[in-house]
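The values are calculated or read from the model by the stated rules, or taken from the named source; none is laboratory data. Just so it is clear, the model here is predicted, and its values are computed rather than measured. A quick note on method: Cβ atoms are made from the backbone with ideal geometry, for glycine too, and the neighbour counts reach across all protein chains shown.
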Amino acid sequence: MAKSQFGAKLDLVLKALSMSRGRLAFELGVDKSLVGRWVSGAVMPSAHNLASLTALIAKKRDGFTMLDWDRDLAGLVQRFGVAPGDMPRTDSAEIPDGPVTLSPRMVETARRETARRGGAYEGFFECTRLAFTLAGEFLHDRILIRRREGLLHVRWGNSAYECAGWLLLLANQLHGILIDESDDSILFCLLNGVNMPQVDLLDGIILAIAKDGAQTPRAGACLIQREGFLSGDDAADDARYDALKQQSFLVDEKDVPREVREHLVRDFGPAAFAKGGDLMLSAPLARSLARGSPGRLVQKKA
């Protein structure tokens, strides 16, 4: 069976069972990115994983066996007893593999913008920010951004945690909703975008629950700098990200450039506002450090 044919069949089965890729990965005990590669047709499940997958489906649909994978798509639809028009589907208003439903128009806009400019944001990045649990300390997160299902998918974390989710490219800004599956907490981010062929630096604000005993909501400014490019091999890129993420994440303040420190450590509130500063934590475009370059996208054409 061709990998692409299996991917289409697995996608159909998941929709027929109203099951997300994330849920399937959880029940099989595999990484969600692996399920994504199965569905995309990039790889076939190993014999062990295919047997486990088939057994799991059989629990939800009596009589399902390995032989059912040999059916064509029409036969598989018939096997699940649904008409193609009745098939559950991932609506354009939904963030893939997630329960969050957004405006269909918003998601379609993000998909159009991602198709047009999303490639500029793909790659490996290093995020510098203040630590949420260690007062006054700086740290580095590692970020992997790549296009999936028409949107920008992101892995974001360090050796202490990892969040994964989606960045919606809207009005030249990135709106992020990421989930830490270890404790089901959410990280939100709003980043200033760059209208250039290659994005080199981003900035903005992140909001998350601190990993302290009180689960304190915290917000802070962040600066995100390109660290590398995708290889075109998802497995290799995941491995590289995992290696980067294991590096020490705490940063000595003296190693943080003065411009970066001043950008991340803001004086805001009533006293600052009275002196002409910001009343709230802000990341105005007029003071943004975000930038891009012609980069490799143009160089390749030369």
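Identify, please: which residue in region 47-59 is surrounded by 13 or more Cβ atoms within 10 Å (Cβ to Cβ) and in contact (Cβ under 8 Å) with a residue 12 or more places away in the chain and is, among those, nearest to D31 (Cα to Cα)? If we take residues in region 47-59 being surrounded by 13 or more Cβ atoms within 10 Å (Cβ to Cβ) and in contact (Cβ under 8 Å) with a residue 12 or more places away in the chain, then N49 is nearest to D31 (Cα to Cα).
Looking at region 265-275, is at least one residue assigned by TED's automatic domain parsing to the domain that holds R155 and under 28 Å from the mean Cα position of the chain (by Cα)? Walk me through it before giving the result.
Here is the first cut: in region 265-275, the residues assigned by TED's automatic domain parsing to the domain that holds R155 are 265-275.
Right, trim to under 28 Å from the mean Cα position of the chain (by Cα) and you get 265-266.
Checked against the condition, which is being assigned by TED's automatic domain parsing to the domain that holds R155 and under 28 Å from the mean Cα position of the chain (by Cα), region 265-275 yields at least one hit.
If the condition is being modelled with pLDDT of 90 or more and not in a strand (DSSP E or B), then region 173-193 contributes only G193. For region 34-47, the criterion of being among the basic types (K, R), modelled with pLDDT under 90 and not assigned by TED's automatic domain parsing to the domain that holds R146 is met by at least one residue.
Out of I145, I177, which single residue is in the same structural domain as A239 (by TED's automatic domain parsing), of a type in the set (A, V, I, L, M) and within 16 Å of G123 (Cβ to Cβ)?
On the way: I177 fails: within 16 Å of G123 (Cβ to Cβ).
Residue meeting the stated conditions: I145.
So in region 23-46, with the set limited to residues that are farther than 21 Å from A239 by Cβ and of a type outside the set (F, W, Y), which one is surrounded by the most Cβ atoms within 10 Å (Cβ to Cβ)? Here the answer is L24. In region 49-56 there is no residue matching the filter, namely being within 28 Å of A235 (Cβ to Cβ), touching a Lys or Arg at 6+ places or on another chain (Cβ under 6 Å) and among the small types (G, A, S). Restricting region 130-161 to residues that are in contact with a Phe, Trp or Tyr (Cβ under 7 Å, 6 or more places away or on another chain) and charged (D, E, K, R), the residue that is surrounded by the fewest Cβ atoms within 10 Å (Cβ to Cβ) is R155.
Of the residues that sit in region 194-207 and are in a loop (DSSP other than H, G, I, E, B) and out of contact with any Pro (no Cβ under 9 Å at 6 or more places or on another chain), which one is surrounded by the most Cβ atoms within 10 Å (Cβ to Cβ)? So the residue we want is V194. Quick one: in region 217-259, which of the residues that are more than 17 Å from C163 (Cα to Cα) and among the polar types (S, T, N, Q) is surrounded by the most Cβ atoms within 10 Å (Cβ to Cβ)? Result: Q225. Restricting the first member to region 111-127 and to residues that are more than 29 Å from A243 (Cβ to Cβ), and the second to residues that are of a type outside the set (D, E, K, R) and at pLDDT below 95, the beta-carbon pairs closer than 6 Å and six or more apart or on different chains are R111/G150.
Filter the helices (runs of 4 or more DSSP H) completely within region 208-295 down to those with at least 3 residues that are in contact with a helix residue (DSSP H, G or I) (Cβ under 9 Å, 6 or more places away or on another chain).
Numbers: elements: 234-245, 258-264, 270-274.
Output list reads 234-245.
Of all residue pairs spaced 6 or more apart or on separate chains, those with beta-carbon atoms under 9 Å, a first member in region 26-43 that is within 12 Å of A8 (Cα to Cα) and a second member that is modelled with pLDDT of 90 or more and among the polar types (S, T, N, Q) are W38/N49.
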